[in-house]
Amino acid sequence: MTARGEASRFETLPYGVGRLTGGWALLVVALLALVGWGAYAYSCQFVEGKVVTGMRNIGTMGGATWGLYIAFNVYFAGVACAGITVAALIRLLNLNALRAVARMAELLTVITLILGAFSVLADLGQPLRALINLPLYARPQSPFFGTFTLAIAGFLFDSLVYLYLAGRRDAYLMARYDTPLRPLYRAWAAGYRDTPAERERHRKTTFWLAIAIIPLFITAHSTLGLVFGLQVGRPGWYSALQTPAFVVLAGVSGVGLLLVIAAILRGYLREEQRLGTGVFRWLGAFLLVLTLAYLYFVVVKVLTGFYAGHHHEQQLTQLLLWGAYAPVFWGSVLLLALPAGLLLLQAITGRWNIPALVACGVMVNLAAIGKRYLIVVPSQTHMSLLPYGPGFYAPTWVEYSIIVGLFALGALLYALFVKVFPIMDVPEEGVR
Amino acid sequence: MAKYAMVIDLERCVGCRACMEACKVENDTPQAVFWMYVFRFEEGRYPNTRVWFLPRPCMHCDNAPCVKVCPVGARYKRPDGLVATDWERCIGCRYCEVACPYGVNYFNWKAPEKNYYLDWKDRDLGPVTHGATPPYKNPDLEKPYGPERRRIAGGGHLKGVIEKCTFCVHRVEKGQTTACAQACPVFAIQFGDLEDPNSTVSRLLKKRPHFRLLEEAGTQPRVFYLGGHPPGGEVRQIEGVKARV
């Protein structure tokens, strides 16, 4: 079979699967270069130690011992939890209008969970030892236990099973095509024939899996909130609001990113029909509700910090409102308030504009990153209960490079998946 | 079973920081790491100012937040009250550090070969020691301790793990006192067994009013302060150490 013949065999596959364009190849090369750069930065850190980062000890060193890695771990875990939850809600509530984005959301979850796990590994001083000692000596009393088990391992397993089951039908349909990818589709379908009995069994299984995913999302992301919210010795962290705010901000960032991905794929695959305005209207409405809820949490947190707070809480609130962290705080608030206004306007007028929605998705994600940073860093640099004096934290090129490398890895995995497996449900009529 | 505690008399402390020096030499800690730290405070307004000092070792809390959060049990409470760090088990997540309200934990940001308080390879040191190279590592710091036989003394200083004041477990298990208490020229630091009613620490706590740092955090520290008062919001640190690696 000639190369031309191979290409023509892929022509019939839906959603551009197997068709490698020049633009796509360029994107993959660029992403590979960024991943390589991130890997190089990590190798520097691995060899020389965390001294190459901007993190230092709390106290006499006047630093922050957790920095960008933990902030992005929380961000990635949030996006992941929200992604699969959207997929589960689509299944549970029969939101057929959103079925086109279900697999995008499932894939987003799997990939961002991997990125979340990598960002924790990047943060650990002894990552290899951790891989052995965590299973050997795990202590459920530590809030980290929930992060490693529920938020990463449990969710990753659950999401992979969900992605696999939900994709079996499409794998069966794709296996009808005579392409080099057929063995993969056959393996994925694993004997599935799309009979009415099999469909029913799948429907029931994914339904119960979806039911399990919702409470798992809330508990998993709550444990991540508890990593901070249980620490009485760190003003700004010790708060009952921490946990629900974590869950809601996870929803904001996850739905926002899903919106952006759906819009990119809509343009790339020219699927204006399947990814119509209806899909974006739903996602926009979700995003609006979640963003307003999170803004409410921000207002309540600032009010309690000022009104009845311990003097350390007051100091922290002042630090955020007009101190060293004010630019990040107000920047994040603006990047939440502006999309909230835009979304509200579109909801009232009933005119949903996709570029405006994408802008909202980007803005809320930048805001979520800013808020995660503000949760992690100021309480360490400025909020020691003993009078050590203020410290500072400035990330180095190593930390930035590793984070950029992780984003590139995520985009790369997404781009590769899109060329191997249909990113949306395959319509029956489109298959031979 | 002994119940170890430290009593620090703030009325005696002259802020000489000999305890900091003794701790560094005894435990061979890396540069910019102060398992024992002495705050030098100033309070009031000129001319009515007062200078006072507050030594700060690890508090070896009975309800230690660092022990609670450790995901692998590397940080643990011994029956005799010492809060120990098993540097062979630590994975370097630094959760203990963010959980501790006292700022006593130090992470090894890099391999400390050239980073010790005294660099024995330093050329300028040769004339002082007449070319002699003292033992680089105190073998006592490397040994396992306690019935659990875990490595918890000040050895290692491995890159990527957390460490802190051990209450000189390697000395205490030999029946000695801590290095900081040993070095204090004015006997401001006392270390001993609270279970023994005749120990200096028991007699001092029976005789004189005392406080513990951040009692409101519920950590139940094993370090007691005599005289003075906890540092409030009005104190200013004189020449606060901001050494970084």
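The values are calculated or read from the model by the stated rules, or taken from the named source; none is laboratory data. All of these numbers come straight from a predicted model, not from anything done at the bench. With ideal geometry, Cβ positions are generated from the backbone for all residues, glycine too; neighbour counts draw on all protein chains shown. To get the accessible areas, we keep the full protein, side chains included, count just its heavy atoms, and leave off ligands, DNA and RNA. Shrake-Rupley method; radii C 1.70, N 1.55, O 1.52, S 1.80 Å.
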Surrounding net charge for residue A:201, when Lys and Arg each add one and Asp and Glu each subtract one, Cβ distance under 13 Å: +3
Karplus-derived 3J(HN,Hα), 6.51/-1.76/1.60, for each residue of segment B:28-41, Hz, glycine and proline x: 6, 6, x, 4, 6, 10, 10, 4, 10, 10, 10, 6, 10, 9
Net charge over other residues, Cβ less than 15 angstrom from the Cβ of residue B:96 (K, R count +1; D, E count -1): +4
Charge dipole magnitude, Cβ of K and R +1, D and E -1 - segment A:233-385, Cα centre, debye nearest 20: 220 debye
Peptide-level mean, for B:27-40, of C-beta atoms on other protein chains within 10 Å: 1
Shape call, chain A: gyration tensor on alpha carbons, a/c limit 1.5: prolate
Residue-normalised accessible area of the protein assembly as shown, expressed per residue, 1.4 Å probe, Å²: 41 Å²
For segment A:158-306, with +1 on Lys and Arg beta carbons and -1 on Asp and Glu, the positive-most of A:164, A:285, A:248 along the dipole: A:164
Average beta carbon contacts from partner chains per residue of A:135-142, 10 Å cutoff: 5
Accessible-area composition of the protein assembly as shown, carbon plus sulfur, in percent [1.4 Å probe]: 64 percent
Peptide ranges B:199-208, A:291-300 listed from the most packed, as the mean C-beta count within 10 angstrom indicates: A:291-300, B:199-208
Protection proxy ranking of B:234-243, A:99-108, B:173-182 - average other beta-carbon atoms within 10 Å, highest first: A:99-108, B:173-182, B:234-243
Distant-in-sequence amide H partners of residue B:37 (H built 1.01 Å from N, under 5 Å): B:56
Euclidean distance of C-alpha centroids, segment A:274-329 and segment A:29-72, integer Å: 28 Å
Ranked by how many other beta carbons lie within 10 Å on average, peptides A:335-347, A:32-44, A:360-372 from highest: A:360-372, A:335-347, A:32-44
Whichever lysines have a C-alpha closer than 30 Å to that of residue B:3, once near sequence neighbours (fewer than 8 apart) are set aside: B:24, B:68, B:77, B:137, B:143, B:164, B:174, B:206, B:207
Charge dipole (debye, nearest 20) of segment B:4-238; +1 at Cβ of Lys and Arg, -1 at Cβ of Asp and Glu: 160 debye
Number of partner chain Cβ atoms within 10 Å, mean per residue of B:214-220: 2
Cα shape, segment B:21-85, gyration tensor, a/c 1.5 rule: prolate
Cα gyration tensor, segment A:288-398 - rounded (a/c under 1.5), prolate or oblate: oblate
List of segment A:382-417 residues, accessible area with partners at least 20 Å² below that of the chain alone (1.4 Å probe): A:385, A:386, A:387, A:388, A:392
Charge sum, other residues only, whose C-beta stays under 13 Å from residue A:191's C-beta, Lys/Arg counted +1 and Asp/Glu -1: +3
Within chain A, helix-based [θ] at 222 nm, where runs of 4 or more DSSP H residues each add -39,500 (n - 2.57), nearest 500: -24000 deg cm²/dmol
